[in-house]
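The values are calculated or read from the model by the stated rules, or taken from the named source; none is laboratory data. In this text the structure is predicted, and so the values were computed from the model without any measurement. Here Cβ is always computed from backbone atoms with ideal geometry, including for glycine, and neighbour counts include all displayed protein chains.
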Amino acid sequence: MEQEEQVVLQELVGRITVYTITGCLHCLRAKAQLTNMGLPFVEVNIKDNAELRQQVMDLTGRRTVPLIFFNNKFIGGNDDFQKLSQEELDKLIELVKHEAAPPDAPPLPEQEIVEEEEPKEELKSERDEFADLIVEFKHSGNIGNHWSCLKLHHNTFTGKKLIAWLVNNKNLDKPAAIEMAKDLINRKFLNPLSEKGFEDNDTLYRLVEHDSASALNSGATAEFRAVSASRHSEVMRDLILKLFSEHITPDGKFVDYKSMVGSPTFEEYCQLAIQLQRLKFDDLSRNEKLAFFINVYNALVIHGNIKYKPPKNMWQRYKFFNSASYVIGGEVFTLQDIENGVLRGNQKGIAQVTKPFSKGDPRLKAALEEVEPLIHFALNCGVLSCPAIKTYSAKDIDQQLKISAEAFLDGADGCQVDVAKKEVRLSQIFKWYKIDFGGTDEKLLKWVFEHLQDSPKKKALKELLNHGTIKVGYLPYDWSTNSKD
């Protein structure tokens, strides 16, 4: 579809309906195109309306958004809309311009649901009873630099210094002070530099907030009692959606990272990130791990782009993914750790010679038992060829991941099928992580076929699969940053 001049329509007799989900880039692009053409439309966000979402999906046979209707005529998604010829588009415009939407036009929710703002979930947690103690100790002058095993350790203190401070300043006897120190370790306020528990001697310790000076959520005390990772992830999910809705360009292609810096929403997000320091991850279910760590990964990319600026070459990208990190549950997780250590079941990533987590690493408790291939269509590393930015919840994680895979494969950047050349061209993601999709071309193509939604592309691939050898090629990967500047 080529639209050289803006179409100006004051009103429509009929109705253009666009079903969307918050944070969907394809939805933003479709809406931007309609707006540029001067076509008014009714947007229906089906994110939290399960009944309406199911109605629309039953009507269209699709699970991905946007879903675009001109009166009762289903156009398809954003790609289908963008590919309309000028003749096809003109007919549709004439339809909604002169004919009212018929009774079998797609359903709309009740008016109050359309106008209602999504309620913002708050993360309510009590202030930890030891928070003031930690803040006081942090400024007591007992934290400094100490030598151990010929290495200088910054922001550390000895066990006996902590005990002496507790005895002298908190009116505790020594046994009670030692028990309190052990409790501080259990509550993830401080970590031993060794693998031992607490000892009243020269063993070195460090506050969790000082454990990694480079971690983007370090340097401040997590003062509230730890809540479940699943609950924390849900709130983080909604906050990131709000942040993106405020700072994504109208066409959905770019993120204005610079404007995020002074945003109250971003400040609120940073405060939320601090609480990750003491959040427990070792008792999460598979679904909770998937939703939590996918959301944290995508949020950390955003935070890293704001803090460090988006990487522009291969070396900068390697450094970025191995340095951008959060302290989670007292342990440091980089982007590489989250993707390959947690979500790929502790498998070596690109250019890695060893697994992210060695035997005995406490972060192994966070790793999935086996790789989940669908995570590759949920992680957004901040460049144009990445899958769309979305967020996930533990309750519906498998369906959400399948929908993300379908949407990615449906686009030209994910999969192209050429029946005449007997060739299938796929995103480089399938080349880099081929082992996750079966390891062979045959298994890879079978996986792709099973995860394509019903479409001409799937029919074309089925035709190729039924008629012999298929050449598998890979599409160029656009490493251009999704930063606005």
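Quick notes on this one:
- Long-range neighbours under 8 Å by Cβ, at least six apart or interchain, first residue without any contact (Cβ under 8 Å) to a residue 24 or more places away in the chain within region 313-342, second among the aromatic types (F, W, Y) and in a helix (DSSP H, G or I): F320/Y308; T334/F321; Q336/F321
- Region 88-124 - residue that is at pLDDT 80 or above, of a type in the set (D, E) and in a loop (DSSP other than H, G, I, E, B) and, of those, farthest from V13 (Cα to Cα): D104
- Residue count for region 394-406, restricted to those that are surrounded by fewer than 19 Cβ atoms within 10 Å (Cβ to Cβ) and closer than 17 Å to V342 by Cα: 1.
- Of the strands (runs of 3 or more DSSP E) that lie entirely inside region 135-200, those containing 3 or more residues that are touching a residue at least 40 places away in the same chain (Cβ under 8 Å) and polar (S, T, N, Q) span 151-158.
- Residue that is nearest to the chain's Cα centre (by Cα) [pool: residues in region 322-381 that are farther than 25 Å from A213 by Cα and among the β-branched types (V, I, T)]: I375
- Residues of region 333-353 that turn out to be surrounded by 24 or more Cβ atoms within 10 Å (Cβ to Cβ) and not in a helix (DSSP H, G or I), as a count: 2
- Pair list, Cβ < 6 Å and 6+ apart or interchain, from region 353-371 residues that are among the β-branched types (V, I, T) to residues that are outside any loop (DSSP other than H, G, I, E, B): V371/D436
- Within region 217-246, tally of residues that are within 17 Å of F292 (Cβ to Cβ), among the hydrophobic types (A, V, I, L, M, F, W, C) and more than 14 Å from the chain's Cα centre (by Cα): 4
- Among the conditions (1) at pLDDT 85 or above; (2) crowded, with 22+ Cβ neighbours inside 10 Å, the only one that L379 does not satisfy is (2).
- Whichever residue in region 55-73 is surrounded by fewer than 24 Cβ atoms within 10 Å (Cβ to Cβ) and in contact with a Pro (Cβ under 8 Å, 6 or more places away or on another chain) and, among such residues, is nearest to Y19 (Cα to Cα): V56
- Odd one out for A215, checked against (1) under 24 Å from W147 (Cβ atoms); (2) surrounded by fewer than 19 Cβ atoms within 10 Å (Cβ to Cβ): (2)
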